[in-house]
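**Q** Below is a structure I'd like to ask you about.
The values are calculated or read from the model by the stated rules, or taken from the named source; none is laboratory data. Everything numeric here is computed off the predicted structure, so don't read it as measured data. Glycine also receives a Cβ, built like all others from the backbone with ideal geometry; neighbour counts cover every protein chain displayed. Side chains are part of the model used for accessible areas, which takes the heavy atoms of the whole protein and leaves out ligands, DNA and RNA. Shrake-Rupley method; radii C 1.70, N 1.55, O 1.52, S 1.80 Å.
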Amino acid sequence: MLHLNQQQGSSDGVGGRVGEGEEEEAYKILVMDSPCFALLAPVLRVGDLRRHGVTLHLNIDKARQQVPDAPAVYLVRPTAANIDRIAADAAAGLYASFHLNFSTCVPRPLLERLASATAASRSAHRVARVADQYLDFVCLEEGLFSLTQPRAYVALNDPAAAEADITALIDAIALGLFCVVATLGTVPVIRCARGGPAEMVAAALDARLRDHLIAKPNLFTEAASTAVASFQRPLLCLFDRNFELSVGIQHDWSYRPLVHDVLGLKSNKLKLPERYDLDDSDPFWVANSWLQFPKVAEEIEAQLAKYKQDVDEVNQRTGGGRDGVEFDGTDLIGNTRHLMNAVNSLPELTERKKMIDKHTNIATALLGHIKERSLDGYCECENGMLVDGTLDRNKLMSLLRGNGTKEDKLRLAVTYLLSFETPLPSDLEQVEAALRESEVDMSAFQYVKRIKSLNSQFAAASSTASKVNIVDWAEKLYGQSISAMTGVRNLLSDGKQLAITRAVEALMEGKPNPEVDNYLLFDPRAPKSGTGQFRGPFREAIVFMIGGGNYIEYRSLTELAQRSQTTKQVIYGATEILNGVEFIQQLSELGQKAGLGGVSSSLPPQ
């Protein structure tokens, strides 16, 4: 795309150097809308753009000066407003030529609108190319992506949501997943639980893929020639957030989830107020982001000690100081035999020092929050409830009445509610009283409490009209059958494996398993009759969470791929990547919409 949609003879990837010669000298303008800026931000920096000949990157919605001798590459969403702006730019002759790239497929009416406008202004000759790029998702790293669809959980579980709005959101999610598989170049086999948003998205994506595969050639034609065997196709596992609610709420003690939860990591960027990039260009982040925080602090100290040792060694070889002073290049005197080696080591030492300083600042900021909010206590208490099934009542009540934000206390209380199928009434009353004392909005707590109450009624009901009515109402109000929320402890294996990881592992193995045997299967390449559908085993999987994902699940799925005896690859994605505060806010919003706000401990009438 950045090379005007021409094939390149050699390329080292998005960040690689362009070939020598004419293409490197040809400069161009990159014009994007705000969503496409967000799309490119995690994968391309300004330096990368310049290496690909992009001298300016501009927002389509802002005033731009004319550069009549330069070609322009547009990357925008296919909207009427963007089409009109492009037509206006062409009519004004802002650029020498227009190479139009849309993040998804352009509807025919919009193409006709563009053609009519450029023809009327006699500027159609300036439009050199129009391409559908199918890039309507944000790739945060090699195995992680987001559709950046905010508040999808609220939209899909809002009892007042219009059917048309839910259908539009389901279609948007299916389109985003279509872009993902089109980028991968392969048609997946789709598995999902029955009922709820997961089945709706699976059906919509299956229909979209079937319609696309009718045309020859299509986006998957070339990939099909290289992947002739069905077992080489990936498995796409779709889950709804209600499948395992607690993971989106709990506190975590690992470095990356802590930075995301406490410091607000967004799109691999962090502001402290210094701005930092935390991605695969940072070797310390790659190597240590999944370690528990105390281990990360130890590693920072070890890296700093190694840096000082290397500086001392360089200074000693060049006749400099021996007291571990900073190496800034001013001590390069004395033994000239080592002068060149010292000069060559200066850039590497400087980069190491910058990396150490960055993570020292991040760890210091985290430590301040940990001490102020007693986050280590929250992690320990929640882990005991979720994994071990044990409750330290004194610890629980001390945290609810002690340090921590209101969101911290609410998350702990909801985790407690989800950890035990039948909490003792006396314990429940104490938890609610502690929340009221801290003036916590209990909408989220009451919302989850109502879900558990409905689930208990569902389990106890016989096969009568009473049961049918409860299930129908629950599915309308909460989006899907809620039997998966009986108690999170039951969803965790003895190995502390998350329920989603256990389900994905079973689906990839393709063997009979009571936990996933009733999952639906959609194979867009197979006849609709269902004959010839392939059930595994699979070496590659795409796991997608509808309603918001998190780094805890991503870590668990990454560990699944790493510990497998056979080579496996797992890609994790979600409608958006949420931390615990953001998700508990969505639960609170749903509780308020359902009239469950306030601090009353009694359930509303059913």
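**Q** With under 27 Å from the mean Cα position of the chain (by Cα) and outside any helix (DSSP H, G or I) as the only criterion, which of Ala161, Ala168, Ala155, Ala128 stands out?
**A** Only one candidate passes the filter, namely Ala161.
**Q** Moving to a separate point now. Restricted to the stretch 181-216, and to residues that are of a type in the set (Lys, Arg) and outside any strand (DSSP E or B), which residue is surrounded by the most Cβ atoms within 10 Å (Cβ to Cβ)?
**A** Arg208
**Q** Okay, next question. Can you name the residue in the stretch 142-169 that is in contact (Cβ under 8 Å) with a residue 60 or more places away in the chain and open to solvent by 60 Å² or more (accessible area, probe 1.4 Å) and, of all such residues, is farthest from Gln592 (Cα to Cα)?
**A** Glu142
**Q** Another question, then. Take the stretch 273-294 and flag every residue that is in a helix (DSSP H, G or I) and under 25 Å from the mean Cα position of the chain (by Cα).
**A** Listed by number, the residues that qualify are Pro283, Phe284, Trp285, Val286, Ala287, Asn288, Phe293.
**Q** If you don't mind, there's one more thing I want to ask. Residues to consider are Leu587, Leu578; find the one that is crowded, with 19+ Cβ neighbours inside 10 Å and under 18 Å from the mean Cα position of the chain (by Cα).
**A** Among Leu587, Leu578, only Leu578 is crowded, with 19+ Cβ neighbours inside 10 Å and under 18 Å from the mean Cα position of the chain (by Cα).
**Q** Continuing with the same structure: Inspect the stretch 70-80 for any residue being polar (S, T, N, Q), in contact with a strand residue (DSSP E or B) (Cβ under 7 Å, 6 or more places away or on another chain) and either assigned by the TED database to the domain that holds Ser34 or within 21 Å of Leu49 (Cα to Cα) (or both) and give the result as yes or no.
**A** So the first thing to find is which residues in the stretch 70-80 are polar (S, T, N, Q), and the list is 79.
Subset that is in contact with a strand residue (DSSP E or B) (Cβ under 7 Å, 6 or more places away or on another chain): none.
For the stretch 70-80, residues polar (S, T, N, Q), in contact with a strand residue (DSSP E or B) (Cβ under 7 Å, 6 or more places away or on another chain) and either assigned by the TED database to the domain that holds Ser34 or within 21 Å of Leu49 (Cα to Cα) (or both): absent.
**Q** Scan the stretch 70-104 residue by residue and report those that are within 14 Å of Pro35 (Cα to Cα), open to solvent by less than 20 Å² (accessible area, probe 1.4 Å) and small (Gly, Ala, Ser).
**A** Answer for the stretch 70-104, where residues must be within 14 Å of Pro35 (Cα to Cα), open to solvent by less than 20 Å² (accessible area, probe 1.4 Å) and small (Gly, Ala, Ser): just Ser103.
**Q** Kindly indicate whether Gly21 is within 30 Å of Leu265 (Cβ to Cβ), open to solvent by 20 Å² or more (accessible area, probe 1.4 Å) and modelled with pLDDT under 95.
**A** no
**Q** While we're looking at this one, here's another question. Looking only at the stretch 24-52, which residues are among the β-branched types (Val, Ile, Thr) and at pLDDT below 90?
**A** Once the filter is applied, which keeps residues that are among the β-branched types (Val, Ile, Thr) and at pLDDT below 90, the stretch 24-52 yields Val43, Val46.
**Q** Looking at the stretch 221-254, which of the residues that are open to solvent by less than 30 Å² (accessible area, probe 1.4 Å) and over 25 Å from the mean Cα position of the chain (by Cα) is modelled with the lowest pLDDT?
**A** Once the filter is applied, the top-ranked residue is Ala229.
**Q** From the list Asp277, Asp282, Asp310, pick out the single residue that is of a type in the set (Asp, Glu), in contact with a strand residue (DSSP E or B) (Cβ under 8 Å, 6 or more places away or on another chain) and over 29 Å from Tyr416 (Cβ atoms). Before you say what the answer is, go through the steps one by one.
**A** Working: Asp282 fails: in contact with a strand residue (DSSP E or B) (Cβ under 8 Å, 6 or more places away or on another chain); Asp310 fails: in contact with a strand residue (DSSP E or B) (Cβ under 8 Å, 6 or more places away or on another chain).
None of the others qualify; the one that does is Asp277.
**Q** Here is a further query. Looking at (1) on the phi > 0 side of the Ramachandran plot; (2) modelled with pLDDT under 90, find the lone condition where Gly404 falls short.
**A** Among (1) on the phi > 0 side of the Ramachandran plot; (2) modelled with pLDDT under 90, Gly404 violates only (2).
**Q** Of the conditions (1) closer than 23 Å to Leu177 by Cα; (2) not in a helix (DSSP H, G or I), Ala70 satisfies every one except a single condition; which number is it?
**A** (1)
**Q** May I pose another question? Which pairs have Cβ atoms under 7 Å, sit 6 or more apart or on different chains, and link a residue in the stretch 560-588 that is in a helix (DSSP H, G or I) to one that is open to solvent by 30 Å² or more (accessible area, probe 1.4 Å)?
**A** Within 7 Å, the pairs are Leu560/Glu505; Ala561/Lys568; Ala561/Gln569; Gly580/Gln250; Val581/Glu407; Ile584/Glu407; Gln586/Arg151; Ser588/Asp441.
**Q** Could you list all residues from the stretch 384-408 that are in contact (Cβ under 8 Å) with a residue 40 or more places away in the chain and part of a helix (DSSP H, G or I)?
**A** Passing the criteria: Met385, Leu386, Val387, Glu407, Asp408.
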